[in-house]
Amino acid sequence: MAVKDIDSIAVSSDDEQIRDYIKARTAPPYRGKVIRYLERPSYLCTDEAQAGEVYQYVYRQLSLHDTTTVRYDLLVLLMANAPMVTPELIQQGLSILRNNPSYDSAITVSKYNMWMPARARRIEDGLLQPLVVMAGATCDRDSVGDCWFADFGAVVVRPHCLEKLDGLGPQTWMGHRIAPIQNECGFDVDYQWQMPQVEHWLRRHGYTELA
């Protein structure tokens, strides 16, 4: 809501509480924004469903229901389980794409040198083997330079990225020319043990239990 450059918001879910909360606020405008709720179809509510497929579905639904005069300039994609994002980061992503017309997208990234790919292992025949081999990698976590990981706090894309999911894998919905929005220790939350880091990030950015 705090990003002035965002004109409308769409929420897609199969959760009843989320649906009821959003529908109570869909009388436009709500705080100057138009809000839409799009029911998530069952085939996009499985563990196998891919984020790109969901984003593409929502984009197509919006395009179908909006008038032909509506043209989406940029789209900000937010995951409900990736809370480490600020209005400033979103605004930075919007500015990056507007200042660089050849870029397809911009995404928040966090630096995790301790998880550099050369440290990753796979289990083969009961023994550990390198997952990838990187030239110049040593036990020093900084030996191959900084490792930036997409943390999915915010992704800003041009519409064409969702028209054809043919970008760089594995997140093919980001296009090919992807700019970084540097964040601090962000990620999408999948496990309970991640919550203390979320709380740390929120406190560092001025959030409390009351606000």
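The values are calculated or read from the model by the stated rules, or taken from the named source; none is laboratory data. Please read these numbers as outputs of a predicted model, since none were measured by experiment. As a convention, Cβ positions derive from the backbone with ideal geometry for all residues, glycine included, and neighbour counts pool all protein chains shown. Each accessible area value is taken on the protein alone, full model and side chains, heavy atoms only, with ligands, DNA and RNA left out. Shrake-Rupley method; radii C 1.70, N 1.55, O 1.52, S 1.80 Å.
Please tell me if GLU209 is among the acidic types (Asp, Glu) and touching a residue at least 24 places away in the same chain (Cβ under 8 Å).
It is false that GLU209 is among the acidic types (Asp, Glu) and touching a residue at least 24 places away in the same chain (Cβ under 8 Å).
Would you pick out the residues in region 99-133 that are of a type in the set (A, V, I, L, M), under 27 Å from the mean Cα position of the chain (by Cα) and more than 30 Å from VAL156 (Cα to Cα)?
Correct list: LEU131 only.
What are the residue pairs meeting all of these: first residue in region 150-171, first residue closer than 13 Å to VAL85 by Cα and open to solvent by 20 Å² or more (accessible area, probe 1.4 Å), second residue not in a loop (DSSP other than H, G, I, E, B) and not aromatic (Phe, Trp, Tyr), Cβ atoms under 6 Å, and 6 or more apart or on different chains?
ALA150/ILE107; ALA150/VAL109
Which one of TRP173, TRP193, TRP201 is at negative phi, outside any loop (DSSP other than H, G, I, E, B) and within 13 Å of the chain's Cα centre (by Cα)?
Checking each option against the conditions leaves just TRP173.
What's the number of the only condition in (1) open to solvent by less than 40 Å² (accessible area, probe 1.4 Å); (2) in contact (Cβ under 8 Å) with a residue 24 or more places away in the chain that ALA120 fails to meet?
Here ALA120 meets the rest and fails (2).
Can you run down the residue pairs with Cβ atoms below 7 Å, 6 or more apart or on separate chains, where the first is in region 31-46 and within 28 Å of LYS4 (Cβ to Cβ) and the partner is at pLDDT 95 or above?
Pairs that qualify, where the first residue is within 28 Å of LYS4 (Cβ to Cβ) and the partner is at pLDDT 95 or above: there are none.
Can you tell me how many residues within region 168-178 are modelled with pLDDT under 95 and small (Gly, Ala, Ser)?
1
Could you give every pair whose Cβ atoms fall below 6 Å, whose first residue belongs to region 80-109 and is closer than 19 Å to TYR55 by Cβ, and whose second residue is among the hydroxyl-bearing types (Ser, Thr, Tyr) and open to solvent by 20 Å² or more (accessible area, probe 1.4 Å), counting only separations of at least 6 or pairs across chains?
Note: pairs meeting the criteria are LEU97/TYR103.
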